[in-house]
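Below: the structure, in structure tokens.
Please treat every number below as a calculation from the coordinates, not as lab data. Predicted, not measured: the structure shown is a model, and the values here were computed from it. Heads up, the Cβs are rebuilt from the backbone with ideal geometry, glycines too, and the neighbour counts pull from every protein chain shown.
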Amino acid sequence: MTFGQLRLDGVSRSFGTANALRGLDLTIARGEFVALLGPSGCGKSTALNCLAGLLPLTEGSIWLDDTRIDGRPPEQRGFGMVFQNYALFPHMSVRANVGFGLKMRKVGRAEARRRIDEALRLVQLTEHAAKFPAQLSGGQQQRVAIARAVVLEPPVVLMDEPLSNLDAKLRLEMRMEIRRLHQTLGLTTVYVTHDQEEALSLADRLVVLREGAVQQVGTPEEVYAQPVNSYVASFMGYRNLLDVTVTATAGPLATVEGDGIRLTGANRGALTEGSAKVAIRPEDFVVGDGMENALDVTVEIVEYHGRELSVSARLGTGMPVYFRTDKRLAPGDTVKIGVPAERVLVFAP
């Protein structure tokens, strides 16, 4: 099935008085890879299940171009689905698992064989076609689940945390596998994850959710470097979130003070005075003299991460500060750190 865009208009889902998803508006272009990102309970899986037809909508509508589909049952939407648990049939071979959907749709034998062979080739499992799921590794089982989804040649593939059961090395390999398949087949993909790194590496666009509401929609670069509020900043790795007060503004910059610190940063909340929050990534701090926004800190905890150290330190007032550095530091060291003003984000509280 060819289409131009998949559109969600005001999609909401409630469970009793609890709003799991509130007014989701999203347009996904054909061939786009969109990741729904957020912590547990934020509504991302609810959104995917509404899209799949596994949950009815409380409000809103879902459209494929000009055709409304939210009233259709899952099997009539024709979407491919890959879940966190692979849901493979243990008594069927890899080939039979991959071809099960084609059999249900009564696809001709020759056409089914062609599609299964192609799907197995794409996920590099041709030599494992006669094996059963119990004879495969976790990564191979996940590839069978992906092959089963793409063999249907669906208009959209929905993936719900498909890599969370795998170890770190396999997750990395499967991430590259999913990206390669997306590029090779031009699949339209909606991908649910709580893993920021996974979302950043895979998606064309991210949708950051919190308590059922959209916080930000943007490219990985936009969401990573230009979070729209302190929640998105916190979720995307801005570990230093400091409560401050705006004391002066000058164009795009704001000067803030609080608990023994005085910083100048990018005014992301159009603030002129009053309370604010400052967000700084640990990797944006630089150890050494002569830096902007200089702070004197005492090192408390040092974690070794190969090329660099992750450091937990404190200001003289006791406020914690986290930074990363390639300089060798030890607990008890007193050092000066600084950060460029454009890397200091000032938000409304």
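Less than 5 angstrom separates the built amide H of A20 from those of R13, S14, F15, all sequence-distant by 5 or more or on a different chain. When peptides 42-54, 121-133 are ranked by their average number of other Cβ atoms within 10 Å per residue, the highest-first order is 42-54, 121-133.
Residues R239, R68, R13, R328 in ascending order of nearby Cβ atoms (within 10 Å, fewest first): R328, R68, R239, R13. Under 5 Å from the amide H of E300 lie the amide H atoms of S312, A313, R314, G332, each residue being 5 or more positions distant or on a separate chain, with H modelled from the backbone and absent for Pro and chain starts. Remark: relative contact order (the chain) = 15 percent; criterion is Cα-Cα distance under 8 angstrom and separation of 6 or more residues. Can you find, among A149, A199, P162, the residue sitting farthest towards the positive end of the charge dipole of the range 5-230, where Lys and Arg contribute +1 and Asp and Glu -1 at Cβ? Checked the options; the winner is A149. Placing unit charges on the Cβ atoms only, positive for Lys and Arg and negative for Asp and Glu, gives the chain a dipole magnitude near 1600 debye about its Cα centre.
Placing unit charges on each Cβ (+1 for Lys and Arg, -1 for Asp and Glu) gives the range 231-347 a dipole about its Cα centre, and among S275, Y322, T249 the Cα reaching farthest toward its positive end belongs to Y322.
Packing-wise, with mean Cβ within 10 Å as the measure, how do 218-231, 291-304 rank, highest first?
218-231, 291-304
Quick check on the range 164-214: take the gyration tensor over C-alpha atoms, sort the square-rooted eigenvalues as a ≥ b ≥ c, and tell me if it's rounded (a/c under 1.5), prolate or oblate. Oblate is the answer for the range 164-214, as a/c is 1.5 or above yet b/c matches or exceeds a/b. Between helix 168-185 and the chain there is an angle of about 60 degrees, using the helix long axis and the longest principal axis of the Cα atoms.
Dipole magnitude for the range 231-347: about 200 debye, using +1 per Lys or Arg Cβ and -1 per Asp or Glu Cβ, origin at the Cα centre. Candidate cross-link partners of K106 among the lysines, defined by an alpha-carbon separation under 26 Å and a same-chain spacing of 8 or more, comprise K131. Nearest 10 degrees, 0 to 90: what angle lies between the long axis of helix 109-122 and the longest principal axis of the chain (Cα atoms)? Roughly 20 degrees between the two axes. If you run the Gaussian network model on the chain, springs between alpha carbon atoms under 10 Å, then out of T188, T317, T249 the most flexible one is T317. Amide H to amide H, with H built 1.01 Å from N, L253 comes under 5 Å of N267, counting only residues 5 or more places away or on other chains. Compared with the alpha-carbon gap, the fully stretched path from T249 to E59 is longer by 64.1 nm at 0.36 nm per residue. Prolate is the label for the range 5-230, because a/c, from the alpha-carbon gyration tensor with a ≥ b ≥ c as root eigenvalues, is 1.5 or above and a/b exceeds b/c.
Using a ≥ b ≥ c from the Cα gyration tensor of the range 189-345 (square roots of the eigenvalues), is it rounded, prolate or oblate, where a/c under 1.5 gives rounded and otherwise the larger of a/b and b/c decides, a/b for prolate? The shape class here is oblate.
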